[in-house]
1. Defining a contact as two alpha carbons under 8 Å apart and six or more residues distant in sequence, what relative contact order in percent does region 161-268 show?
2. Given the DSSP H assignment, sum -39500 (n - 2.57) over each helix run of at least 4 residues in the chain and divide by its residue total; what's the result at 222 nm in deg cm²/dmol, nearest 500?
3. If you average 1/r across every pair of different Cα atoms in the chain and take the reciprocal, what Kirkwood value do you get, in Å?
4. Please give the FRET efficiency for residue 178 paired with residue 249, using the beta carbon to beta carbon distance and R0 = 25 Å, rounded to the nearest 0.05.
5. With the chain treated as a Gaussian network of Cα nodes joined by springs under 10 Å, which of 73, 31, 167 yields the largest mean-square fluctuation?
6. I want to verify a result. In a Gaussian network model of the chain, Cα cutoff 10 Å, which of these has the top mean-square fluctuation: 176, 271, 236?
7. Once fully extended, how much extra length lies between residue 237 and residue 187, figured as 0.36 nm per residue of separation less the alpha-carbon to alpha-carbon distance?
8. Would you work out the relative contact order for region 4-71, in percent, from Cα pairs under 8 angstrom that are 6 or more residues apart?
């Protein structure tokens, strides 16, 4: 169903080279170049430019690549759906933010699979921004996110609410406190999620809305991996802003202490996000029920 030129374009993007794309597709290098020229002529644009001997998409090229990815994703979904129909199976791709992955959603998905033997689910963990991009490109069927919902055609189901708090070592000076002031964090070494993570976006937004800025705090490290952040905090190498649900097990095990903010209420929603044309509404309802059963 997919035009060969689309496959060629995506192969060039993936490999960063016409020659390597040709090797991947078992084509000649002139054939790859011809496909790209045909696309450029069809859309009246230049797709790539050379910068320091690297192929870089132009602004218009990036738009075309985005839709090429969507076409390929929809094609793959169609093939999978046809195959599933003949075998009475159901394949789903679900994206989950790291904070949600630390909570009960993976368990809920596993229980769903046990209750529905025909289901085969692939879980991807990524930042909220990347998950929304994958959803828009139809590379994911669903996403479970803790953070702001996009202003797009996506729909959502509320699963839970959570809030941000301070995570410290059991040896930290705040460990025996019932609450801390946000201003007290200016004296601490912060270990935070990277920009683009839902937790970080919410914390930065809260500061800006209350006349503060992240630059007024000592951000010692920024990491994508939540488990690593919690490990560093447990060693008393810094403190972090985390979702309450993401530290519940660590707190029970005595690895971390979670302290609420006295002057800040950073609540957040956990939502199941999907396309308007998602054709398995019963899956959404089943996942929501199982998730709530685990509460």
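1. Values: 191 pairs, mean separation 57.1, N = 108.
That works out to 53 percent.
2. Values: 11 runs with 127 residues, N = 295.
The helix contribution divided over the chain gives -13000 deg cm²/dmol.
3. On the way: mean 1/r = 0.0459 Å⁻¹.
It works out to 21.8 Å.
4. Working: r = 21 Å, r/R0 = 0.85.
Efficiency, rounded to the nearest 0.05: 0.70.
5. Of the options given, 31 has the highest mean-square fluctuation.
6. Looking only at 176, 271, 236, the largest GNM fluctuation is found for 176.
7. Numbers: separation 50, 0.36 × 50 = 18.00 nm, distance 1.36 nm.
In short, 16.6 nm is gained.
8. On the way: 63 pairs, mean separation 19.0, N = 68.
Reported relative contact order: 28 percent.
Each value in this text was obtained by applying a stated rule to the coordinates, not by laboratory testing. Remember, predicted model here, so these are calculated numbers, not experimental data. For neighbour counting, all protein chains shown are included, and Cβ atoms are generated from backbone atoms with ideal geometry for every residue, glycine included.
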